[in-house]
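Heads up, the thing below is written out as structure tokens.
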Amino acid sequence: MDQLLVALDVDTSERAQELADSLRDLAGGFKIGSRLFTSEGPALVRSLVDRGDRVFLDLKYHDIPTVVHSAFRAASALGVWMATVHTAGGFTMMQAAKEGAAAGGGHTLVVGVTVLTSFDQTTLKTIGVGLPIADQVDALATLAVKAGADGVVASPLELLRLRKRWGSGFMIVTPGIRNRVNSDDQTRTLSARDAVRAGANYLVVGRPIIAARDPRVAAEQICEEMASA
């Protein structure tokens, strides 16, 4: 299922490779976040890229434009398929990410993280943002579009609004996929079926797959849900 991106949120390269080997025919790519990248670094990215995998490097860069430019140049040179920046870093920073991706000689897509799926309205207010979450996501997505980003990361609950505003050509990457009442830190969630129906291009799924008793069976079930949508 090309739309399924499996989050390899584990501690070691060995475990990440095991999961990738067992799920490769079900996944459209693999996400490497700060947990695994801090432990294993670029070598794991190279290894997966060399095997033909699409790597989604989810480090959520948020820094001055020159630093972000250099980071995306390096990611592009590694063969990273897609990588994230925080849209709150601003217009110039996102432009620098795009320019860095081009300078690295690859074709790395730049996607802007809007509001984390762990945030609720109260959390948003604690960082000084008084807008409703949906309005804040919309404002940040608009900024990403103006800066030339290839798409955004947004929770399932903002999908319908974003898709209505930006149309079918706008790429939305969606984490926060859950099929039952949450016991973790994700607060704005939907099932895989509902997220695809609402307009997600890609679903990022971690714990529901990798923490399952049988990750392959869990991935197959999610793929079935997505296909039914």
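The values are calculated or read from the model by the stated rules, or taken from the named source; none is laboratory data. Fair warning: this is a prediction, and the values are worked out from it, not measured in the lab. Cβ placement follows ideal geometry from the backbone for every residue including glycine, while neighbour counts extend to all protein chains displayed.
Quick look at the numbers
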| read-out | value |
| --- | --- |
| Of residues in region 150-173 being buried (at least 23 other Cβ atoms within 10 Å of the Cβ) and assigned to a loop (DSSP other than H, G, I, E, B), the one modelled with the highest pLDDT | Ala154 |
| Hey, Gly128 surrounded by fewer than 17 Cβ atoms within 10 Å (Cβ to Cβ) and either over 24 Å from Val6 (Cα atoms) or at pLDDT 95 or above (or both) or not | yes |
| Filter result (in contact (Cβ under 8 Å) with a residue 40 or more places away in the chain, small (Gly, Ala, Ser) and touching a Leu at 6+ places or on another chain (Cβ under 9 Å)) within region 8-30 | Ala27, Gly28, Gly29 |
| Residue identified as at pLDDT 95 or above, of a type outside the set (S, T, N, Q) and surrounded by fewer than 19 Cβ atoms within 10 Å (Cβ to Cβ) among His86, His107, His69, His62 | His62 |
| Whichever residue in region 197-219 is assigned to a helix (DSSP H, G or I) and over 20 Å from the mean Cα position of the chain (by Cα) and, among such residues, is nearest to Asp21 (Cα to Cα) | Arg216 |
| Residue among Val205, Val145, Val115 that alone is over 19 Å from Tyr61 (Cβ atoms) and among the β-branched types (Val, Ile, Thr) | Val205 |
